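**Q** Take a look at the following structure, please.
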Ligand SMILES: CC(C)(COP(=O)(O)OP(=O)(O)OC[C@H]1O[C@@H](n2cnc3c(N)ncnc32)[C@H](O)[C@@H]1OP(=O)(O)O)[C@@H](O)C(=O)NCCC(=O)NCCS
């Protein structure tokens, strides 16, 4: 599956992505608002991630998650994923390399992937949870047509402290 938007595209991870992935994801400003991205992000982390996704794509079972690279000229500059996929809904997550922030890239990518999830995958709800301090991410979701549904108090642990999340969703 490939979804193009301007000079960027969303496509599955592939062998060879490890270097650009590690270069672009390895940043405190990305780690601080996400739950599953370590910092430092090592070449071994990148290899594991690519291997994990190659295995997922080859698996005959219905996947619980689908992950895509944001590709610019063959390099990985970001990532979007649908996880906790069940019969009708999925959770959305994303990150972008700091050099590319503020150009509308993730908003466009979120619109593409949400459209794909609601139309092609037949889901009726895609939701995202954003740390309450993460203004840029909340804005991305608003611009992509997600509705704010409420504050989840002490929803997750970050750096051993409970943090509130803001819940956004788009439905069909
Ligand atoms: C959140 C993130 C993906 C946004 O990517 P992006 O491509 O720069 O986003 P866009 O350019 O599409 O939109 C960003 C919007 O947030 C706004 N914004 C950025 N920083 C902001 C701030 N501190 N306060 C308020 N708004 C802010 C921008 O002005 C823009 O809105 P506008 O178009 O109305 O001006 C990127 O910052 C990132 O990777 N952050 C770290 C990881 C992360 O937070 N992931 C999401 C976890 S829920």
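**Q** Evaluate the relative contact order of region 87-127 (contact order divided by residue number), counting alpha-carbon pairs under 8 angstrom at least 6 apart; express in whole percent.
**A** With pairs under 8 Å counted, the relative contact order is 65 percent.
**Q** Quick check on the exposure proxy: order 142, 91 from fewest to most C-beta atoms within 10 angstrom.
**A** Ascending Cβ contact count within 10 Å gives the list 142, 91.
**Q** Right, another one. Neighbouring Cβ atoms within 10 Å as the yardstick, rank 164, 73 fewest first.
**A** In increasing order of surrounding Cβ atoms, one gets 73, 164.
**Q** Kindly put 52, 168 in sequence by how many other C-beta atoms sit within 10 Å of each C-beta, fewest to most.
**A** Lowest to highest Cβ neighbour count: 52, 168.
**Q** If you don't mind, there's one more thing I want to ask. Can you compute the helix-only [θ] at 222 nm over the chain? Use -39500 (n - 2.57) per DSSP H run of at least 4 residues, normalise by all residues, nearest 500 deg cm²/dmol.
**A** -9000 deg cm²/dmol
**Q** Also: Can you pull the one-decimal nm distance between simple spin-label points at residue 73 and residue 60, each 7 Å off the Cα toward Cβ?
**A** It works out to 4.3 nm between the two label points.
**Q** Let me ask you something else. Of all beta bridges DSSP finds with both residues in the chain, what is the antiparallel percent, to the nearest 5?
**A** 90
**Q** Can you compute the radius of gyration and Dmax for region 3-122, using only the Cα atoms, both in Å?
**A** In Å, with Rg to one decimal and Dmax whole: 13.8, 38.
Computed from the coordinates by the stated procedures, all read-outs in this text should not be read as laboratory data. This one's a predicted model, so the numbers in the text were calculated from it and none came from an experiment. Don't worry about glycine lacking a Cβ; one is built from the backbone with ideal geometry, like all the others, and counts go over all protein chains shown.
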